[in-house]
Amino acid sequence: SGTVTLDRSRTVNALLLGPGVTINGVGGVDTTNTLTVSAGPLGFGGNATINTAYFQFSTGNPTYIATTAGATGTISSTFAGANSGTTSKGGTGTLVLTGSNQFLAQFNINQGAVNIRNSFALGAAQG
């Protein structure tokens, strides 16, 4: 558990967040930092939060967000990216989307629940 504060944009290959982990942008009112997952999945192994200005997958391949049983993973960031593939939610836990998101991928819920807390949380409509 703990809080990680990003002082600039960061790219990681894959990301597994354990219980009680929060990733914040600088100063609590971050308007520029982006957390990018370049190839692997995003996993919530317990209740955890991503709270940077932007979160994105950088691959055009299918991407995956998993939440374990009893866990709530929250993405408070603007979920961005030009991912033209598919983003899938797996695992029996809950994913919470609170940002006004901009991703373009198809979003599939394969397992668990998704809690939508913003009317734009499911991203941009494809034309």
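Tabulated values for the structure
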quantity: Per-residue SASA entry for Leu6, accessible area with 1.4 Å probe, Å² rounded to 10; calculated: 20
quantity: Size of the chain as Cα extents on the principal axes (Å, biggest first); calculated: 36, 31, 28
quantity: Segment 31-93 - percent of accessible surface contributed by carbon and sulfur, probe 1.4 Å; calculated: 49
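The values are calculated or read from the model by the stated rules, or taken from the named source; none is laboratory data. Computed from a predicted model, the values in this text were never measured in an experiment. Quick note on the areas: whole protein, heavy atoms, side chains included, nothing else; ligands and nucleic acids left out. Shrake-Rupley method; radii C 1.70, N 1.55, O 1.52, S 1.80 Å.
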